[in-house]
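The values are calculated or read from the model by the stated rules, or taken from the named source; none is laboratory data. Bear in mind the structure is a predicted one, so any value in this text is a computation, not a measurement. We place every Cβ from the backbone using ideal geometry, glycine too, and count neighbours over all the protein chains shown.
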Amino acid sequence: MTRVHPNTAAPFADLPSLPACCGATREGGVAVLTVWRKSLLFSCHGFTVFDAEGNLVFRVDIYGSGSAGELVLMDAAGKPLLTARRKKLSLGETWLIYNGEDADNPLYSVKRHVSLLHCKGLAHVTPLRGGSGSAGYAVEGSYSRRSCTVYDERRRAVAEIQRKQAVGGVAFGDDVFRLVVQSDLNTCLAMAIVIVLDQMPELASLPLRMTLSITDLARVLLLSILGGEICEIEALGDMGSSDFSWKLADHPKLPKGKTVAVVVLDGWGEADPDQYNCIHVAQTPTMDSLKKGAPERWRLVRAHGKAVGLPTEDDMGNSEVGHNALGAGRIFAQGAKLVDLALASGKIFEGEGFKYIKECFDKGTLHLIGLLSDGGVHSRLDQLQLLLKGCSENGAKRIRVHILTDGRDVLDGSSVGFVETLENDLAKLREKGIDAQIASGGGRMYVTMDRYENDWGVVKRGWDAQVLGEAPHKFRSAVEAVKKLREDPKANDQYLPPFVIVDESGKAVGQIVDGDAVVTFNFRADRMVMIAKALEYADFDKFDRVRVPKIRYAGMLQYDGELKLPNRYLVSPPEIDRTSGEYLVHNGIRTFACSETVKFGHVTFFWNGNRSGYFNPSMEEYVEIPSDSGITFNVQPKMKALEIAEKARDAILSRKFHQVRVNLPNGDMVGHTGDIEATVVGCKAADEAVKIILDAIEQVGGIYVVTADHGNAEDMVKRNKTGQPLLDKAGKIQILTSHTLQPVPIAIGGPGLASGVRFRKDVPDGGLANVAATVMNLHGFEAPTDYEPTLVEVVDN
Ligand SMILES: O=C(O)[C@H](O)COP(=O)(O)O
């Protein structure tokens with residue numbers, strides 16, 4: 001839609017302005033929003049609206065089912081912007097739009113068009129306050145088909161509701177569509193018009209979709225009922241079914257049938273070369289040749305912050321969000337962001353999950369178990385603080401926090417500060433009469449936070465301390481515990497042994513017992529699934545739980561959507577649907593995925609949108625190579641890179657699979673140990689593994705895509721603003737064990753790659769989410785239209 005006139009007046013004097021994060025998209029005059037007809041909240045329906053950069057800009061949460069008489073349009077933080085209320089006792093359907101949550105003095109009325117003569121009219125929007133800037137609007141077209149236009153009084157098109165266009169038979173449901181708003185219309189008002197249209201039952205999608213299969217006689221009856229939609233019904237009759245289809249369109253230029261190897265180097269970012277860049281220091285001839293050999297087929301992509309659905313550009317990437325984006329081809333607001341929103345709006349305390357645990361607040365203790373840091377990968381301290389506040393305000397009288405110290409997503413040694421902060425918060429709660437204490441603790445890699453069932457002993461240590469109140473170390477305070485345990489020269493935050501806090505009689509202050517509530521406050525799934533199973537499953541044989549208390553348990557999120565684990569949770573997880581893996585399987589692509597245990601779920605579970613299991617077992621084979629357990633990976637920095645590469649090689653040479661997908665963990669897993677020498681060895685091993693896979697691709701005439709999920713090994717020191725390594729108080733370099741904000745490389749090639757394929761220049765900000773469409777193209781398919789654009793183009797030679 002082209003812009004007709006510049007914005008001359010100041011027409012929105014009484015309306016809230018567009019939320020700040022949406023402002024950027026206003027440049028050039030147009031706001032392009034993606035409207036998702038779904039609430040972020042569990043058990044609600046409503047709307048979630050994103051701007052062109054994937055920022056959440058509006059929400060509507062409607063509790064209960066059916067149509068609502070009042071809807072509140074909120075900004076991302078839950079602040080009410082406009083309220084739409086159905087006008088009672090009105091002839092025809094009329095809604096009134098109020099500023100914020102005002103109860104009187106409405107700004108606009110939206111009245112459904114009733115005339116049978118003008119078949120395109122849907123609604124009239126009439127200003128109720130007068131004044132120089134007030135303008136009326138007419139809405140025409142078909143909301144049910146997601147095709148309508150808002151005209152101002154000079155018949156200028158000021159907004160459009162548009163379908164997400166389908167390609168090659170792939171059509172999307174009615175629940176995701178575009179709202180394009182010119183600068184001549186206030187975007188909040190435009191969105192309010194959408195939610196009102198949606199509440200007018202005759203205009204919404206469901207009844208009209210039914211018309212596709214009814215007889216002409218029934219159509220005539222409907223025509224008289226639906227008035228303004230007459231023309232649309234006729235059109236719908238010609239359209240055929242708009243039902244969703246998995247079928248992908250053929251790529252116009254790229255052939256099918258090639259074997260495509262997708263290699264993800266975990267923790268492999270691109271940074272300036274220096275002695276702390278382990279990838280630079282290591283011998284990596286294969287990766288070097290990809291970079292230098294074909295400049296049109298090597299580039300960088302964004303792997304952190306908003307590009308992967310994290311709250312801010314200061315959030316480093318991680319494997320969960322990285323593999324989600326790689327597999328799903330779209331950017332989903334991730335756990336960290338969803339929890340932020342739920343806490344900011346207070347909705348977390350109104351949901352079913354919270355109500356469930358709250359039942360215990362009267363007589364039982366609330367136990368909060370999770371990672372204590374501000375790393376933002378698995379959890380965040382500020383979220384724990386808000387949770388504590390909200391729980392205490394909602395009636396929790398006795399709270400016990402079971403902490404897991406970090407030193408992996410944050411600096412080693414920072415645990416002391418985090419524990420002190422938490423102790424202060426709990427002391428303040430105690431001043432308010434709430435019995436709140438830290439009850440137990442331990443290092444995350446040694447206590448509780450194992451993943452993919454690599455070592456149940458880790459979870460058992462946590463169970464013993466948290467549930468049974470038993471641990472080899474007992475202290476009167478957590479600050480004392482962490483300080484004392486760190487005195488061992490070999491100690492670090494990640495691997496602190498388990499401890500319990502005891503009272504003056506030596507009794508643990510916070511065992512979990514019958515009648516208690518438990519919340520695991522990490523939002524990220526992989527390292528919470530095992531403890532969730534121990535807490536939730538009646539049938540459980542991974543270790544002897546000794547005593548299984550009858551508790552009410554909720555996760556911060558649901559950690560596994562397929563297993564529905566845990567059953568109760570405080571915030572709905574991102575619903576990552578229609579992943580590239582699922583599409584490709586439906587389109588005949590046979591897939592092999594492999595990694596070693598510690599990263600196995602990354603190329604399966606995370607890749608498939610946090611879904612365990614196969615889409616179609618006859619089309620897929622997932623192979624897990626057992627990781628070493630009970631060691632830190634600097635001891636065996638080569639890890640299982642060779643074994644993974646050999647499995648991939650065999651899968652490629654077998655010619656049974658179209659896609660062979662692997663994760664090579666070394667850069668990340670060894671990088672997290674902070675051992676620079678070992679990380680260099682790990683990077684070399686990963687590079688050798690890439691070579692084995694590329695050689696196999698060469699033999700079968702296939703294609704390779706080599707990329708990474710986030711940075712880590714390319715920078716092993718904390719730096720100041722000018723990029724110089726930071727020294728600690730003792731004058732020692734501060735080692736960085738965490739991920740980074742760096743972009744990651746992506747390289748394509750192989751004998752099967754058509755000669756004109758190269759990276760486009762017009763996607764300069766491409767991120768990991770652009771990789772899925774790219775891979776679909778290389779398999780010979782177009783990607784769905786709502787996927788992030790492909791990174792490749794085909795030029796005629
Ligand atoms: O869980 C971990 O090991 C780290 O916190 C994050 O690492 P990953 O995102 O690479 O898995």
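Taking the criterion of being within 16 Å of the ligand (Cβ to nearest atom) and modelled with pLDDT of 95 or more, would at least one residue in the range 473-488 satisfy it? No, the range 473-488 contains no residue that is within 16 Å of the ligand (Cβ to nearest atom) and modelled with pLDDT of 95 or more. For the condition within 16 Å of the ligand (Cβ to nearest atom), at pLDDT 95 or above and in contact with a strand residue (DSSP E or B) (Cβ under 9 Å, 6 or more places away or on another chain), residue 744 qualifies.
If a residue must be farther than 19 Å from residue 268 by Cβ and part of a loop (DSSP other than H, G, I, E, B), how many such residues does the range 716-729 contain? Residues meeting the conditions: 9. The set of residues in the range 294-314 that are touching a residue at least 60 places away in the same chain (Cβ under 8 Å), within 19 Å of residue 704 (Cα to Cα) and assigned to a helix (DSSP H, G or I) comprises 296, 297. Of the conditions (1) touching an Asp or Glu at 6+ places or on another chain (Cβ under 8 Å); (2) at pLDDT below 95; (3) not charged (D, E, K, R), residue 567 clears all except one; give me its number. Every condition holds for residue 567 apart from (2).
Return yes or no: is residue 317 within 16 Å of the ligand (Cβ to nearest atom), modelled with pLDDT of 95 or more and either surrounded by fewer than 18 Cβ atoms within 10 Å (Cβ to Cβ) or not in a helix (DSSP H, G or I) (or both)? It is true that residue 317 is within 16 Å of the ligand (Cβ to nearest atom), modelled with pLDDT of 95 or more and either surrounded by fewer than 18 Cβ atoms within 10 Å (Cβ to Cβ) or not in a helix (DSSP H, G or I) (or both). Taken together, 509, 482, 458 contain a single residue that is β-branched (Val, Ile, Thr) and surrounded by fewer than 23 Cβ atoms within 10 Å (Cβ to Cβ), which is 509.
Among the residues of the range 705-723, are any within 16 Å of the ligand (Cβ to nearest atom), among the hydrophobic types (A, V, I, L, M, F, W, C) and either over 18 Å from residue 665 (Cα atoms) or without any contact (Cβ under 8 Å) to a residue 60 or more places away in the chain (or both)? There is no residue in the range 705-723 that is within 16 Å of the ligand (Cβ to nearest atom), among the hydrophobic types (A, V, I, L, M, F, W, C) and either over 18 Å from residue 665 (Cα atoms) or without any contact (Cβ under 8 Å) to a residue 60 or more places away in the chain (or both). Checking the structure you have, find out if any residue of the range 66-74 is closer than 23 Å to residue 143 by Cα, modelled with pLDDT under 80 and not hydroxyl-bearing (Ser, Thr, Tyr). Looking for residues that are closer than 23 Å to residue 143 by Cα, modelled with pLDDT under 80 and not hydroxyl-bearing (Ser, Thr, Tyr), one finds at least one in the range 66-74, hence yes. The sole residue among 470, 453, 423 that is touching a helix residue (DSSP H, G or I) at 6+ places or on another chain (Cβ under 8 Å) and within 16 Å of the ligand (Cβ to nearest atom) is 453.
The number of residues in the range 397-417 being closer than 23 Å to residue 366 by Cβ and away from the ligand (no atom under 15 Å from the Cβ) comes to 7.
Can you tell me which residue within the range 82-108, out of those that are part of a strand (DSSP E or B) and among the charged types (D, E, K, R), is modelled with the highest pLDDT? Restricting to residues being part of a strand (DSSP E or B) and among the charged types (D, E, K, R), the top hit is 85. Count of the range 592-622 residues, restricted to those that are surrounded by fewer than 19 Cβ atoms within 10 Å (Cβ to Cβ), out of contact with any Phe, Trp or Tyr (no Cβ under 7 Å at 6 or more places or on another chain) and not hydroxyl-bearing (Ser, Thr, Tyr), is 5. Of all residues in the range 561-605, those being assigned to a helix (DSSP H, G or I), more than 16 Å from the ligand (Cβ to nearest atom) and in contact (Cβ under 8 Å) with a residue 40 or more places away in the chain number 6. Name every residue in the range 633-651 that is within 16 Å of the ligand (Cβ to nearest atom) and buried (at least 20 other Cβ atoms within 10 Å of the Cβ), in order of residue number. Once the filter is applied, which keeps residues that are within 16 Å of the ligand (Cβ to nearest atom) and buried (at least 20 other Cβ atoms within 10 Å of the Cβ), the range 633-651 yields 633, 637, 639, 640, 641, 644. Quick check on the range 226-271: of everything there that is modelled with pLDDT under 60 and of a type in the set (A, V, I, L, M, F, W, C), which residue is farthest from the ligand (Cβ to nearest atom)? Filtering the range 226-271 for residues that are modelled with pLDDT under 60 and of a type in the set (A, V, I, L, M, F, W, C), the one farthest from the ligand (Cβ to nearest atom) comes out as 230.
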